[in-house]
Every structure is written in C-alpha cells, then in structure tokens.
C-alpha cells in the first residue's frame, strides 16, 4: 500500500513537471517538445488564422492564472508574426505566433524563470 501510494505521487510529480503550463487548444498538432531550456519548449501548429490562434492561446493561458503583459508585432502590422508575454509569479511565458499562408498558424512557447 505504501509503495503504491509513493509510486502514484512520483508519477504525478513527473507528469506535472512535463505538463504544458496551459491547456493546448484542441486540434493542436505537436511539432516538437524540448525541455533543454536552450530553445522553445514547444512548437505546434493549428489549422486556424493568426487572430483566431492568438485568441485561443490567450484565453487558455489566462485561465491558468497568467496575466497578459505585452503584445509585440514582429512584422510591420503584426499580421504575420507576433510575440506575446504573460506573467505568473516569478515566471514569464513567451509565446511566438506566426502564419505563412493565413490558413495554418504556428506557435512556440518558452518559460523564463
């Protein structure tokens, strides 16, 4: 019984470490995950426009207790690429969103502590 309880706690801790800091939108296709801390922790794609993807991500991130901090357009009008930052305690979540064709939107995120 004690061993089973210990294993349950251990697996829960491991799962929470590897878990995304927010719920990914439905139909997100995972391209890559990297826990090295040297690059984006997650890369994915959605079959949605950039504005729709930005809205989905913001809603999901805010539900997890993050506060919206900044939106930085990377291209001239912010229509093809944008950076978003959120803060929660001492953690900063940076999200990059970009679209090449207007139909699929890619996104990456990383945490700064």
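The values are calculated or read from the model by the stated rules, or taken from the named source; none is laboratory data. Predicted model only: the values in this text are computed from it and were never measured. Here Cβ is always computed from backbone atoms with ideal geometry, including for glycine, and neighbour counts include all displayed protein chains.
Residue by residue through region 1-26, note down the ones that are at pLDDT 50 or above, farther than 13 Å from residue 107 by Cα and either out of contact with any helix residue (DSSP H, G or I) (no Cβ under 9 Å at 6 or more places or on another chain) or surrounded by 10 or more Cβ atoms within 10 Å (Cβ to Cβ) (or both).
From region 1-26, those at pLDDT 50 or above are 1-2, 18-26; that's our starting set.
From what is left, the residues that are farther than 13 Å from residue 107 by Cα are 1-2, 18-23, 26.
Within region 1-26, 1, 2, 18, 19, 20, 21, 22, 23 qualify.
Is it the case that some residue within region 81-95 is outside any strand (DSSP E or B) and in contact with a strand residue (DSSP E or B) (Cβ under 8 Å, 6 or more places away or on another chain)? Within region 81-95, none of the residues are outside any strand (DSSP E or B) and in contact with a strand residue (DSSP E or B) (Cβ under 8 Å, 6 or more places away or on another chain).
Yes/no per residue for (1) within 14 Å of residue 20 (Cβ to Cβ); (2) exposed (fewer than 14 other Cβ atoms within 10 Å of the Cβ):
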{"residue": "30", "(1), (2)": "yes, yes"}
{"residue": "45", "(1), (2)": "no, no"}
{"residue": "49", "(1), (2)": "no, no"}
{"residue": "58", "(1), (2)": "no, no"}
{"residue": "67", "(1), (2)": "no, yes"}
{"residue": "72", "(1), (2)": "no, yes"}
{"residue": "100", "(1), (2)": "no, yes"}
{"residue": "107", "(1), (2)": "yes, no"}
{"residue": "112", "(1), (2)": "no, yes"}
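Checked against the criterion of being surrounded by 13 or more Cβ atoms within 10 Å (Cβ to Cβ) and closer than 22 Å to residue 35 by Cα, the candidates 82, 95 yield just one match: 95.
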